[in-house]
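Enquirer: Have a look at this one before I ask anything.
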Amino acid sequence: ACSAFATLEEDAGNLLVPYIGPILQNLIFAFSKYQQKNLLILYDAIGTLADAVGGALNTPEHVGVLLPPLVERWNGITDDDKSLFPLLECFTSIAQALGPGFTTFAQPVFTRCVALIDSTLRHEQQNVDVDKEFIVCSLDTISGMTEGMGAAVAPFVKQTQLPMYLLACMKDAMPDVRQSAYALVGDIAKACIEELAAVLPEYLPLLTEQLDHRTVSVCNNASWAIGELAIKMGPSMQPYVEGVLAKLVPIINKHEEVNKSLVENTAITLGRLGLVCPEVGAPHLEHFIKPWCMALRSIRDDIEKDHAFQGLCRML
């Protein structure tokens, strides 16, 4: 029944909003009844509910019902227990849905995620067998918190060594770790780029190096992160633009053989670079303008597309 309800939530979306109260009461009641295996389905149902109703979940009444049992469960699981993974995924969805409403609960979750990243990296350096999923899930949860809380996440980033751990994750041999690390760089850039100021000279060459269309998800996230950094850095992005263009222009010119979303993402990043450093992008325009227009003509109108076309106009 719980699994079937999760499927219903996906399809129903906002239609569930009037029923959030009784839904939460029953899902939380299940906490006291379910054993380990069924808890996985319960976490999924709670996370899917958060995805479906979004900000409507952010009322004191709903938060008061939902979060205490989840936090209690969180505190009862040890750092080496893999049942943390589905709980972290659940927290990711809740943090995105609650936005600023998650701030009260953010400190223990954020601190523990950073500690999990730290301990996994240290154990790996000591040649201990590690499960990198602890890093991936922790990075994704911090991403969800950053996306939801916005600038309110800045104090938590400041209090930890997260930017330095991120640097290690960006160099990791495992693509999944790099992919999640680049996504988090982009999210932090949007929310509080000043917390990354000291490490940007190290971040940008690493991101540029990863612009390889053969690893689609890694390349996609690296490209998107560079675009977000560019918007926040403005003209100070200039020393890095030429190197990024050298990687992105060949990708967009292979548009017939490259993943469609990667081509669209590449086009947006090229436009954003043109917006902040048009004089660097302009000489390259003739080499990518046709596939660029083809890539962006049919994507939805949003702030990223807006940035891209403003950049095109500035380069012209």
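Enquirer: Would you work out what percent of the accessible area of the chain, with all protein chains in place, is carbon or sulfur (probe 1.4 Å)?
Expert: Working: 7570 of 14270 Å².
About 53 percent, which is the carbon plus sulfur part of the accessible surface.
Enquirer: With each label point set 7 Å from Cα along the Cα-Cβ vector, what nm distance links Thr59 and Phe31?
Expert: The modelled label-to-label distance comes out at 1.9 nm.
Enquirer: Just the accessible area per residue of the range 155-274, please: how many Å² with a 1.4 Å probe?
Expert: Values: 4660 Å² over 120 residues.
Result: 39 Å² of accessible area for each residue.
Enquirer: Go through Lys171/Lys290; Lys37/Lys82; Lys132/Lys171; Lys132/Lys305; Lys171/Lys254; Lys254/Lys305 and tell me which ones have a Cα-Cα distance over 24 Å in this structure. The partial results should precede the final answer.
Expert: On the way: Lys171/Lys290 34 Å; Lys37/Lys82 12 Å; Lys132/Lys171 13 Å; Lys132/Lys305 34 Å; Lys171/Lys254 26 Å; Lys254/Lys305 21 Å.
Cα-Cα > 24 Å for Lys171/Lys290; Lys132/Lys305; Lys171/Lys254; rest within.
Enquirer: Residue farthest toward the positive end of the dipole of the chain, with Cβ of Lys/Arg at +1 and Asp/Glu at -1: which of Val63, Phe85, Met294?
Expert: Met294
Enquirer: Right, another one. Determine which residues of the range 169-194 fall in the zone a paramagnetic label at Asp212 would reach in this model, i.e. backbone nitrogen under 11 Å from the point 7 Å along Cα→Cβ.
Expert: Under cut-off, by backbone N: 175.
Enquirer: Tell me, how many Å apart are the Cα centres for the range 281-295 and for the range 46-120?
Expert: Between the Cα centres of the range 281-295 and the range 46-120 lies a distance of 43 Å.
Enquirer: Here's another thing I want to ask about it. Identify which of Ser223, Ser180, Ser83 has the largest mean-square fluctuation in a Gaussian network model of the chain, with springs joining Cα atoms closer than 10 Å.
Expert: In this elastic network of the chain, the residue with the biggest mean-square fluctuation among Ser223, Ser180, Ser83 is Ser83.
Enquirer: Enumerate the calculated ³J(HN,Hα) couplings along the range 66-77 in order (Karplus 6.51 cos²θ - 1.76 cosθ + 1.60, θ = phi - 60°), each rounded to whole Hz, writing x wherever the residue is Gly or Pro.
Expert: Once rounded to whole Hz, the list reads 7, 7, x, x, 5, 5, 4, 5, 4, 6, x, 9.
Enquirer: Could you quote the convex hull projected area for the chain, Cα atoms only and averaged over all directions, in nm²? All intermediate terms of the calculation are to be shown ahead of the outcome.
Expert: On the way: hull surface 67.9 nm².
The Cα convex hull of the chain, projected and averaged over all directions, gives 17.0 nm².
Enquirer: Identify, among Ser138, Ser119, Ala189, the residue whose Cα sits farthest towards the positive end of the charge dipole of the range 99-210, taking +1 on the Cβ of Lys and Arg and -1 on the Cβ of Asp and Glu, with the dipole about the Cα centre.
Expert: Ranked along the dipole, the leading option is Ala189.
Enquirer: Continuing with this model, one more query. In what sequence, highest mean first, do 143-153, 278-288, 87-97 appear when ranked by Cβ atoms within 10 angstrom? Don't skip to the answer; put the middle values down first.
Expert: Working: 143-153: 22.1, 278-288: 16.3, 87-97: 24.2.
The densest-packed peptide leads the list: 87-97, 143-153, 278-288.
Enquirer: When the dipole is taken about the Cα centre of the chain, and only Lys, Arg (+1) and Asp, Glu (-1) are charged at their Cβ, what size is it in debye, to the nearest 20?
Expert: 320 debye
Enquirer: Let me spell out the model: positive unit charges on the Cβ of Lys and Arg, negative unit charges on the Cβ of Asp and Glu, origin at the Cα centre of the range 94-153. What dipole size does that give, in debye rounded to 20?
Expert: Values: 3 positive and 7 negative charges, 43 e Å.
Dipole magnitude for the range 94-153 comes out near 200 debye.
Enquirer: While we're here: Give me the Kirkwood hydrodynamic radius of the range 1-106 in Å, from all C-alpha pairs, to one decimal place? Could you put the intermediate results ahead of the total?
Expert: Numbers: mean 1/r = 0.0727 Å⁻¹.
Across the range 1-106, the inverse of the average 1/r is 13.8 Å.
Enquirer: Using the Karplus curve 6.51 cos²θ - 1.76 cosθ + 1.60 with θ = phi - 60°, work out ³J(HN,Hα) for each residue of the range 204-212 in order, rounded to whole Hz, and write x for Gly and Pro.
Expert: With the stated coefficients, the range 204-212 comes to 5, x, 5, 5, 4, 4, 8, 7, 10 Hz.
Enquirer: Return the single residue from Leu27, Leu166, Leu262 with maximal mean-square fluctuation; model: Gaussian network over the chain, springs between Cα atoms under 10 Å.
Expert: Residue with maximal mean-square fluctuation among Leu27, Leu166, Leu262: Leu27.
Enquirer: Let me ask you something else. For the pair Glu279/Ala197, report the inter-label distance in nm, with labels modelled 7 Å from Cα in the Cβ direction.
Expert: Distance between the two pseudo-spin positions: 2.4 nm.
Enquirer: Given Cβ point charges of +1 (Lys, Arg) and -1 (Asp, Glu) and nothing else, what value in debye, to the nearest 20, does the dipole of the range 168-226 about its Cα centre take?
Expert: Values: 4 positive and 8 negative charges, 32 e Å.
Roughly 160 debye for the range 168-226.
Enquirer: Put a dot 7 Å past each Cα toward the Cβ at Ala12 and Cys293; how far apart are the dots in nm?
Expert: 4.8 nm
The values are calculated or read from the model by the stated rules, or taken from the named source; none is laboratory data. All of these numbers come straight from a predicted model, not from anything done at the bench. Virtual Cβ from ideal backbone geometry, glycine too; neighbours counted across all protein chains shown. To get the accessible areas, we keep the full protein, side chains included, count just its heavy atoms, and leave off ligands, DNA and RNA. Shrake-Rupley method; radii C 1.70, N 1.55, O 1.52, S 1.80 Å.
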